[in-house]
Amino acid sequence: KMAPITNSREEFDEIPTVVGIFSAFGLVFTVSLFAWICCQRKSSKSKTPPYKFVHVLKGVDIYPENLNSKKNFGADEKTQVKNKPAVPKNLLHLDLEKRDLNGNFPKTNLKAGSPSDLENVTPKLFPEGEKEIISPDSLKSSTSLTSDEKQEKLGTLFFSLEYNFEKKAFVVNIKEARGLPAMDEQSMTSDPYIKMMILPEKKHKVKTRVLRKTLDPAFDETFTFYGIPYTQIQELALHFTILSFDRFSRDDVIGEVFIPLAGIELTDGKMLMNREIIKRNVRKSSGRGELLISLCYQSTTNTLTVVVLKARHLPKSDVAGLSDPYVKVNLYYAKKRISKKKTHVKKCTPNAVFNELFVFDIPCEGLEEISVEFLVLDSERGSRNEVIGRLVLGAAAEGASGEHWKEICDYPRRQIAKWHMLCDG
């Protein structure tokens, strides 16, 4: 009878031992997990940010996918200008005060094309310890241009290229533009900004800020593109579009610069380049493409049914490749827009199929003072969409457009479809 009691006591004596062992293992696991988390946090700080690009505007890092109000002014010792004494981090942004409201540096009396000027300017543009390469094209003097060529000049774009092998990042710095033409005839000035994209793919699109009332804008904006292998750089090209902002209408295109990166070596450091801005290629009306439109006028309900069916032979919106077209439909009464609609965007196609129907209420009897405008646009995320072509149907229209409008007036309640050539926007 006493044997079972002894066994139960031994079992009770073993329980604290087991509990102590499990507690020890739990404590070791918790400490190990805490140490691992701390190590991961420290290592994550040194990793490359998982962003497509980083926009540096005058020393301020702007992460497009995580914008916040914190602006950290500062730079490493590597970014200090040569022979310039070190200053505290909280005073680094004082250099910006040397610029005017448009971000321009005070003009100095330098001779264009002088080698001595390049030696004086270069240390200010690039940090100490970094190698500089000035492209041969940037040393060409403009003094040999004739008077006719000077009148047609659209200015010069200055920029630099660099590849960061440590972070596998391609860095483009848009420095400034000089000698831009005046797009505003009243103030005889412009409000320039620059759009840039990497070709042949249109994944990386960026643009600078707008600088007001200046023909010599100093942007000094850096765009860093991560995830581009150096072996792929030779296959890419840069396309810059220089525009002038217009608050009340479409922005004016000043010109463009196209830079193939084939043959450009970035292994030795940052490369300073400049290119003359050329006039943008103007497409002829015959190359704008065609639009298939179906119209039906309901005289009993006083409505106009518009069906945007198809588009074909649409041109490339730029040197980047195919367009992403969509159609915007505007209804006008007595030359005043009273209604607007638009279709969905069709990706990367010159022959888009829309098949979208819109019904407009007509505010008067008959279609004598009614007109319909069709704008075919190229969708560009992050910037203003470009007009590919334009079509206007109405009583005042001529040719095939006027005949189509006359048919729907003569034959109400009948759906009439026709192809129309697009003209300049």
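Bear in mind that the values in this text are calculations on the coordinates, not laboratory data. Everything numeric in this text was worked out from a predicted model, so none of it was measured. Here the Cβ positions follow ideal geometry from the backbone for every residue, glycine too, while neighbour counts run over all protein chains shown.
See the values below:
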quantity: Gain in span if fully extended, residue 348 to residue 37, counting 0.36 nm per residue against the direct Cα distance; calculated: 107.4 nm
quantity: Residue list for region 401-416, given a label point 7 angstrom along the Cα-to-Cβ vector of residue 341 and an amide N cut-off under 15 Å; calculated: 415-416
quantity: Local net charge near residue 327, Cβ-Cβ under 15 Å (Lys/Arg +1, Asp/Glu -1); calculated: +4
quantity: Assigned charges on the beta-carbon of Lys, Arg, Asp, Glu; region 155-284 dipole about Cα centre (debye); calculated: 440
quantity: Cα lying deepest toward the dipole's positive end in region 289-422, options 376, 395, 322, charges on Cβ; calculated: 322
quantity: Rough spin-label spacing in nm, given labels placed 7 Å along Cα→Cβ, for residue 418 and residue 333; calculated: 2.5
quantity: Cα-Cα over 23 Å, subset of 168/205; 213/335; 310/342; calculated: 213/335
quantity: Spin-label pair residue 267/residue 213, simplified geometry with 7 Å Cα→Cβ offset, distance in nm; calculated: 5.1
quantity: Approximate spin-label separation residue 300-residue 398, in nm, with each point projected 7 Å along Cα-to-Cβ; calculated: 3.9
quantity: Gained length - residue 368 relative to residue 30, 0.36 nm times residue gap less alpha-carbon distance; calculated: 113.5 nm
quantity: Low-density loop cleavage sites - GluC sites (Glu not before Pro) in region 155-243, where at most 15 other Cβ are within 10 Å (DSSP); calculated: 166, 185, 201, 235
quantity: Contour minus Cα-Cα distance for residue 258 and residue 188 (0.36 nm per residue); calculated: 22.5 nm
